[in-house]
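What follows is a short report on a single structure.
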Amino acid sequence: MKFSVAFCAIVANLGLSTTAFSLPSNDKTPFGIHVRGGTSLQSATVEESTTAGSYLSEIPAGPPDAILGIAEAFKSCEDPRKVNVCVGAYRDENGKPWVLPSVKEAERRMLDDPATNKEYASIAGDAAFVNLALKFAYGADADMEKLAGVQSLSGTGACRIGGHFFSQFLPGDEKKIIYVPSPTWGNHIGIFNKCGLEVRRYRYYDASTNGLDYDGMVEDLSDAPEGSVILLHACAHNPTGCDPSLDQWKSISDLMKTKSHHVFFDSAYQGFASGDAEADAAALRLFVAEGHNVALAQSFAKNFGLYGERCGTFSLLCNNADEKEKVMSQLKLIIRPMYSSPPIHGSSIVRTVLSGDELKDQYYEECAHMANRIKSMRNLLVDKLKEAGSTHDWSHVTEQIGMFAFTGMNSDMCDELTSEYAIFLTRDGRISLAGLNDNNVEYVAKAIHSVTDGKSITTSS
């Protein structure tokens, strides 16, 4: 067989001979390619590992995610009694995921629209979606000339963009500090650490009363170094379900101004908390009215049921249009090497729903339905606890708001619920009320009574 000069040069550079590419008449291997010595590539021995890859054997296994790991344990459990009150996703009266009818209608309209395509979004995302999303949060009269906003990968991505921005641009050479409530959504810690921020905690929940530790919160925010970033849950605090009153929010706003703190709201439950999206935005809009340059991480996972679509925004209220343009340019520089541009399906759904009164009004009714079902489960759970014989004061469960109930159960009680009753929950005593329904609430209540009877639910462990 003859080979070209170029091919022979390539083979020589590889340290091979052209005889390695001979084609015997009895060859049965694909393309008849043989390595030196007559061994075919099909049967050639592969080295176990290169020297460069040897480091892989030294990598330790990482710990499972606290919440998603419990979800996997639930799936593998074969106990017919099993109940999942762990994962923060809405379930209907039959314990099934619910795709909102307004979302289905929006998707139908998108499918029928000849202008629909699958092109890349811009780095900042779908501008029409972002504008509607920000008005949903800040109000219809929001000053869009001052709001720098970008589409994000849901609330997680929004927190990551915001954390990166603060880490890079807040004044001072020292490491920037962000304060998060204790407790908070577990992923906040990892996100902000990865952004290069120093994560500290401020008191938020009082385990001795199963309520908001307002005095401790104020004291800690007062003691925080001037100019710290303060993360606030806009409504339906996760995991406690305890929110400050509007008067308390006003006092917190005054304190923030006195300390020149940077306000960073995380809004994952607007509309889903009380059933009224306008009411759930009260804290955010108060801080805007008070003159804060608020930052906002906004998610549409819970309130639109778009968990898997990863749809949200990050925004920052600037002082003028010139500042907005500069901030936008920097947000794009953060996003471009991170994920380049966001997915478009979820944002197109939200844009379609919020663009016209018909679908928007339908959506508001459906969101209220979800919130009201969860409220009814709060009340029913407490009623069933009383019927089971519990003498504890469970009023904190009915006073809390949003998807979760922070019960006051300690880790041992939670472990017993899982091992003895196949009720899966996080070990801090948080229950997702969306996982309850008429078919399982009595069973759950009796199990909770069994593990808490004669024991305190007003001390943590």
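The values are calculated or read from the model by the stated rules, or taken from the named source; none is laboratory data. Everything numeric in this text was worked out from a predicted model, so none of it was measured. Note that we place each Cβ from the backbone using ideal geometry, even for glycine, and neighbour counts take in every protein chain shown. Only protein heavy atoms, including side chains, enter the accessible area calculation; ligands, DNA and RNA are left aside. Shrake-Rupley method; radii C 1.70, N 1.55, O 1.52, S 1.80 Å.
Within the range 87-115, the only residue that satisfies the criterion of being closer than 30 Å to residue 336 by Cβ and modelled with pLDDT under 95 is 115. Per the conditions (1) among the hydrophobic types (A, V, I, L, M, F, W, C); (2) buried (at least 16 other Cβ atoms within 10 Å of the Cβ); (3) farther than 29 Å from residue 214 by Cβ, the sole criterion not satisfied by residue 159 is (3).
Looking only at helices (runs of 4 or more DSSP H) that fall completely inside the range 303-393, which ones have 1 or more residues that are of a type in the set (Phe, Trp, Tyr)?
The qualifying helices (runs of 4 or more DSSP H) are 357-387.
Taken over the range 414-443, the criterion of being crowded, with 21+ Cβ neighbours inside 10 Å and hydrophobic (A, V, I, L, M, F, W, C) is satisfied by 414, 417, 423, 424, 425, 431, 433, 434, 436.
Considered as a group, the residues in the range 80-90 that are closer than 17 Å to residue 442 by Cβ and not aliphatic (A, V, I, L, M) include one that is surrounded by the fewest Cβ atoms within 10 Å (Cβ to Cβ), and that residue is 80. Counting only residues that are over 12 Å from residue 83 (Cβ atoms) and outside any loop (DSSP other than H, G, I, E, B), the range 423-432 holds 1 of them.
Just name the residue that is nearest to residue 302 (Cα to Cα) out of those in the range 122-134 that are open to solvent by 20 Å² or more (accessible area, probe 1.4 Å) and touching a helix residue (DSSP H, G or I) at 6+ places or on another chain (Cβ under 8 Å). Walk me through how you get there before you give the answer.
The initial filter retains those residues of the range 122-134 that are open to solvent by 20 Å² or more (accessible area, probe 1.4 Å), namely 122-123, 126-128, 131-132.
Narrowing further to those that are touching a helix residue (DSSP H, G or I) at 6+ places or on another chain (Cβ under 8 Å): 123, 126, 128, 132.
Details: 123: 24, 126: 20, 128: 21, 132: 17 Å.
Taking the candidates together, the pick is 132.
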